[in-house]
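Rule-based calculations on the coordinates, nothing more; no lab input. Just so you know, these numbers come straight off a predicted model, no measurement behind them. Using ideal geometry, Cβ is built from the backbone for each residue, glycine included, and neighbour counts are taken over all protein chains shown.
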Amino acid sequence: MSMPAPLAEVVSEFAEMAGQDKLNLLLEFANELPELPGDLTEAAMEPVPECQSPLFLHVDAADRDNVRLYFSAPAEAPTTRGFAAILAAGLDGQPAADILAVPDDFYSELGLAALISPLRLRGMSAMLTRIKRRLRAA
Amino acid sequence: MSLPPDPTAALQEYAHPERLVTGDWLSQHLGTPGLVIVESNEDVLLYDVGHIPGAVKIDWHVDLNDPHVRDYINGEQFANLMNRKGISREDTVVIYGDKSNWWAAYALWVFTLFGHPDVRLLNGGRDAWLAEGRDTTLDVPEKRTTGYPVVERNDTVPEALRPSGSSQIRAFQSDVLASLGSSTLIDVRSPLEYTGERTHMPDYPEEGALRGGHIPTAVSVPWAKAADDTGRFRTRAELDEIYSFVSPGDNNIAYCRIGERSSHTWFVLTHLLGIPGVRNYDGSWTEWGNAVRVPVAVGDEPGTVAGSR
């Protein structure tokens, strides 16, 4: 399995936690989702309707060695923010080829399925799918 | 010991106003012995970003569903859950949640399967509480209890053995199939799910039904029609109008995709309009839309039993 080091680190952080601790960790991620840069608005971003709450995504692949990922989700949607923040922490700034090599089902290793309806978890795979699609199109 | 009902005038038009409380009432009763507040959301993290002081969290996926069989927890598991959450059989339980109390109504319906005597909804749920600028906290109550009795789930007890007045509130696929043509079915999903263009909610991931459409004869009334923009229930007159085709005495069954949205409609019909005997078919479209050789209707019309394919 190929995973950029920062993403592998996030995955192992989650794997070490169980139950409420795992939810608390997801909440920490949600709280740390980076703000959008001043020149980017949701209107200019790609909506990700597969998520349970509104999420907007922007992929800047101008530099294929340093892909920038931007996410926006409202504070009242902490789970969606948490999913976005996992991808931001794990994949922002990585080379396009490395992001494309991330397994589509990497999120199953986070071990969240026992806590979050697996159907909702698909929102995370949808974000990754859309990021990859952008990178292939670019 | 039960708390007195909320006397707010606006609630008195409903058939069972004692099943609803307002934010004012709940604020005034925070900390009262005999009151337990339960938050139940779709978003599993919302409780942890702040909740009504004293509220405990109950999650539909983790706490109310059996982890293996597609079913609800049993009487012993429910008693354990209540004890872990510090809830006694005599307590007044007020449930609230996100999305117009969608999941809160589901939790209330499951409490009802176990016959918890006094269980109410906070009108407007989480959003209304926050919009009113009321207090929230990050503190998680530590209280535990030990005495919640093991109660057989209502749907596992034969009709003849159930206490009088405790009607069946759960319908199974076999019930729906057997009563097709003589029952009133209410499909509370979105219009595109009803017509068959979609097999899942708009904006939601594909959730696995092999066929699109609805159960023949089912009338489409999306669940959210029963709530206004603030998440509070519509007035009695508005609800009477929306559900004018539902008659007491008919075999009324509501369904959606997995039984959560239809719990909201079940609450409206049962407690706000006072229609007895309404059942929630929790197998819903994720069961019916995958079942072999059950009739399916597509398009805008309810369709008929004989004419369906």
- [ ] Identify which of A:ALA15, A:ALA43, A:ALA84 has the largest mean-square fluctuation in a Gaussian network model of chain A, with springs joining Cα atoms closer than 10 Å.
- [x] A:ALA43
Task: Farthest positive-ward along segment A:1-128 dipole, Cα basis, beta-carbon charges - from A:ALA97, A:MET127, A:ILE86 - done: A:MET127
Task: Quotient of Cα Rg and 2.2 N^0.38 Å for segment B:1-149, N being how many residues it contains - done: 0.98
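How large is the Kirkwood hydrodynamic radius of segment A:1-46, counting all unique pairs of alpha carbons, in Å? Kindly include the intermediate steps, with their values, before the conclusion.
On the way: mean 1/r = 0.0774 Å⁻¹.
One over the average 1/r among Cα pairs gives 12.9 Å for segment A:1-46.
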TODO: Provide B:GLU18, A:GLU9 in ascending order of the number of other Cβ atoms located within 10 Å of each residue's Cβ, fewest first.
DONE: A:GLU9, B:GLU18
Open item on the list: Out of all Cα-Cα pairs in chain B, roughly what percent, to the nearest whole number, are more than 29 Å apart?
Closed with: 34 percent
Open item on the list: Given 4 °C and 1.567 mPa s, compute D for segment A:57-105 with the Stokes-Einstein relation, Rh being the Kirkwood radius over Cα pairs; round to the nearest whole µm²/s.
Closed with: 114 µm²/s
Task: Per-residue HN-Hα couplings for segment A:89-105 [Karplus 6.51, -1.76, 1.60; θ = phi - 60°; Hz; x = Gly/Pro] - done: 5, x, 10, 4, x, 8, x, 4, 4, 5, 5, 5, 8, 5, x, 4, 9
Task: Phi to ³J(HN,Hα) by Karplus 6.51 cos²θ - 1.76 cosθ + 1.60 over segment B:184-190, Hz, x for Gly, Pro - done: 9, 9, 10, 9, 9, 6, 5
- [ ] Give a residue-ordered list of calculated ³J(HN,Hα) values for segment B:168-177 (Karplus: 6.51 cos²θ - 1.76 cosθ + 1.60, θ = phi - 60°; whole Hz; x for Gly, Pro).
- [x] 5, 10, 10, 10, 9, 3, 5, 5, 5, 4
Open item on the list: How would B:ASP43, B:ASP127, A:ASP98, A:ASP21 line up from fewest to most surrounding beta-carbon atoms within 10 angstrom?
Closed with: A:ASP21, A:ASP98, B:ASP127, B:ASP43
TODO: Report P(r) for segment B:119-254: all Cα-Cα distances, bin width 10 Å, range 0 to the bin holding the largest distance, values in whole percent.
DONE: 9, 24, 31, 27, 9, 0
Task: Between segment B:220-236 and segment B:1-59, the alpha-carbon center distance in angstrom - done: 19 Å
Task: Ranking of A:SER125, B:SER262 by count of other Cβ atoms within 10 Å, fewest first - done: A:SER125, B:SER262
- [ ] Return the long-range amide H neighbours of B:ASP118 (sequence gap of 5 or more, or a different chain), with a cut-off of under 5 Å between placed amide H atoms.
- [x] B:VAL93
- [ ] Could you give log10 I(q)/I(0) at q = 0.22 Å⁻¹ for segment A:74-138, computed by the Debye formula over C-alpha point scatterers of equal weight, without solvent?
- [x] -0.97
Open item on the list: Given bins 10 angstrom wide, list per bin the percent of all Cα-Cα distances in segment B:1-73, short to long.
Closed with: 16, 36, 34, 14, 1
Open item on the list: What does the structure give for B:36-42 when I average, per residue, the other chain Cβ atoms found within 10 Å of the residue Cβ?
Closed with: 1
Task: Candidate lysines for bridging to A:LYS132, where Cα separation is under 29 Å - those fewer than 8 sequence places away on the same chain excluded - done: A:LYS22
Task: Mean-position separation - Cα centroids, segment B:117-171 and segment A:13-89, in angstrom - done: 34 Å
Task: Other-chain or far-sequence residues with amide H under 5 Å of B:TYR72's (modelled H) - done: B:ASP66
TODO: Report the Stokes-Einstein translational diffusion coefficient (µm² s⁻¹, integer) for segment A:2-94, Rh taken as the Kirkwood radius over Cα pairs, at 10 °C with viscosity 1.306 mPa s.
DONE: 115 µm²/s
Task: Partners for B:LYS143 among lysines (Cα-Cα distance below 17 Å; same-chain residues under 8 apart left out) - done: B:LYS57, B:LYS85
TODO: Compute the Rg/Rh shape ratio of the protein assembly as shown: radius of gyration over Kirkwood radius, all on alpha-carbon atoms.
DONE: 0.98
- [ ] Give the relative contact order (percent, whole number) for chain A; include only Cα pairs under 8 Å separated by 6+ residues.
- [x] 33 percent
Open item on the list: Please list, ordered by chain and number, the residues whose modelled amide H lies under 5 Å from the amide H of B:GLY50; skip anything fewer than 5 residues away on the same chain.
Closed with: none
Open item on the list: Springs between alpha-carbon pairs under 10 angstrom, Gaussian network model over chain B: which of B:VAL69, B:VAL188, B:VAL94 fluctuates most?
Closed with: B:VAL69
Task: Principal axis dimensions, segment B:178-309 - Cα atoms, whole angstrom, descending - done: 39, 34, 22
Task: Relative counts (whole %) of C-alpha pair distances in segment B:63-188, using bins that are 10 Å wide - done: 11, 33, 36, 16, 4, 0
TODO: Pull out the extension gain between B:GLU142 and B:THR156, defined as 0.36 nm times the separation in residues minus the alpha carbon to alpha carbon distance; nm, one decimal.
DONE: 1.8 nm
- [ ] Would you mind telling me which residue in B:PRO141, B:PRO295, B:PRO222 has the biggest mean-square fluctuation in a Gaussian network model of chain B, where springs connect alpha carbons within a distance under 10 angstrom?
- [x] B:PRO141
- [ ] Rounded to the nearest 500, what is the 222 nm mean residue ellipticity of the protein assembly as shown from helices alone, with -39500 (n - 2.57) per DSSP H run of 4+ residues and division by all residues?
- [x] -8500 deg cm²/dmol
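Taking 8 Å as the Cα distance limit and 6 or more residues as the minimum spacing, I'd like the relative contact order of chain B as a percentage.
Computed over chain B, the figure is 19 percent.
I want to verify the translational diffusion coefficient of segment B:250-302 in µm²/s; compute it with Stokes-Einstein, Rh as the Kirkwood radius over Cα pairs, at 10 °C and 1.306 mPa s.
Answer from the Stokes-Einstein relation: 132 µm²/s.
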